[in-house]
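Trainee: The following block contains the structure, expressed as structure tokens.
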Amino acid sequence: TAVCWAGAMSLTLFASGCGSKRVLVPARVDLRPHGRLALVTFTVENAKGSLHTFATQRFSEAVLVAQPGVEILELGAADSLLARVGESEFGPLSARAVGERHQAPVVFLGHLKVSDVKPKARLLGGGVPRVEANVTVQLTVRLVSTSSGGTLWRASSTATETVGQLGLAGGEPFFSAQDPDDAYGELVGYLVRQVTWDFRPTWTKQ
């Protein structure tokens, strides 16, 4: 009968649905064999303030969550290291110095480039002014071997967002806020999620 046929079809669809399962696909890049990962504070171009340090912290957190068991050694800014080895920018000599001094086989380097800054002001409740700006930020991160100075992995991402509490200092945007998460956390969060995609396992249906 029609009722029995409908019931049979429903059962077939239910069974086929139950037959599918979710499978965890390993991360494209496994950092765990390296053990200890050095991390230099990201550099920033065309901006001042705390954007680069905030992004470095968020990147470190994302890597630790994505691949439990790795150890990240945060080295701070590379200025003193570059001066010691005589390089103007991080290169093979700097990489080897990190490996020898900190026993880290690899080091993360990142750079933020800020562009297209368009400030605007709006009034909050009670007539309090708030300065915001549309900004475009590109984040590029690479993983470098400390034995050779060669690049083992690289990723980049670009985003345009409205950020709050942005000022100007010497003609450059100044990222500084008591609560960076509130001011530009969404922007940094998006960039970090994109560049750490290769380190995260993903689920897929099979």
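The values are calculated or read from the model by the stated rules, or taken from the named source; none is laboratory data. Please read these numbers as outputs of a predicted model, since none were measured by experiment. All Cβ positions, even for glycine, are placed from backbone atoms using ideal geometry, and neighbour counts span all protein chains on display. Remember, those area values only see protein heavy atoms, side chains included, never the ligands or the DNA or RNA. Shrake-Rupley method; radii C 1.70, N 1.55, O 1.52, S 1.80 Å.
Trainee: Assuming R0 = 30 Å, what is the FRET efficiency of His111 and Gln206, from their Cβ-Cβ distance, to the nearest 0.05?
Mentor: On the way: r = 38 Å, r/R0 = 1.28.
About 0.20, to the nearest 0.05.
Trainee: Now, a different point. What number, in percent, do you get for the relative contact order of the chain if the mean sequence gap of Cα pairs under 8 Å and at least 6 apart is divided by its residue count?
Mentor: Relative contact order for the chain comes out at 27 percent.
Trainee: Right, another one. Given C-alpha coordinates of region 21-104, what is the ratio Rg to Rh with the Kirkwood estimate of Rh?
Mentor: Values: Rg = 15.4 Å, Rh = 14.7 Å.
Ratio of gyration radius to Kirkwood radius for region 21-104: 1.05.
Trainee: Accessible area of the chain with a 1.4 Å probe: how many percent of it is carbon plus sulfur?
Mentor: Working: 6320 of 11690 Å².
Here carbon and sulfur together make up 54 percent of the probe-accessible area.
Trainee: How do 97-103, 172-178 rank on mean C-beta neighbours within 10 Å, highest first?
Mentor: Listed from highest to lowest mean packing, they are 172-178, 97-103.
Trainee: Could you check the spin-label model distance between Arg193 and Asn46? Points 7 Å from the Cα along Cα→Cβ, value in nm.
Mentor: Distance between label points: 2.4 nm.
Trainee: How many Å³ per residue does the convex hull of the Cα positions in region 62-206 occupy?
Mentor: Hull volume over Cα atoms, normalised by residue count, gives 170 Å³.
Trainee: Taking every DSSP beta bridge that has both residues in the chain, what percent is antiparallel when rounded to the nearest 5?
Mentor: Rounded to the nearest five, the antiparallel share is 75 percent.
Trainee: I've got another one for you. Take the alpha-carbon centre of region 71-101, take the same for region 130-144, and report the distance between them in whole Å.
Mentor: Their Cα centres are 23 Å away from one another.
Trainee: Let me ask you something else. Would you calculate the separation in nanometres between label points at Ser176 and His102, each defined as 7 Å from the Cα along the Cα-to-beta-carbon direction?
Mentor: So the two model labels end up 2.6 nm from each other.
Trainee: Send over a whole-number figure in Å² for the accessible area per residue of the chain, probe 1.4 Å.
Mentor: Spelled out: the 1.4 Å probe surface of the chain, per residue, equals 57 Å².
Trainee: Turning to a different aspect of this structure: Tell me what the chain gives for mean residue ellipticity at 222 nm when only DSSP H runs of n ≥ 4 count, each as -39,500 (n - 2.57), the sum divided by the residue total, rounded to 500 deg cm²/dmol.
Mentor: For the chain, the value works out to -10500 deg cm²/dmol.
Trainee: If you don't mind, there's one more thing I want to ask. Can you give the FRET efficiency to the nearest 0.05 for Arg84 and Ser148, using r as the Cβ-Cβ distance and R₀ = 22 Å?
Mentor: For Arg84 and Ser148, the calculated efficiency is 0.65.
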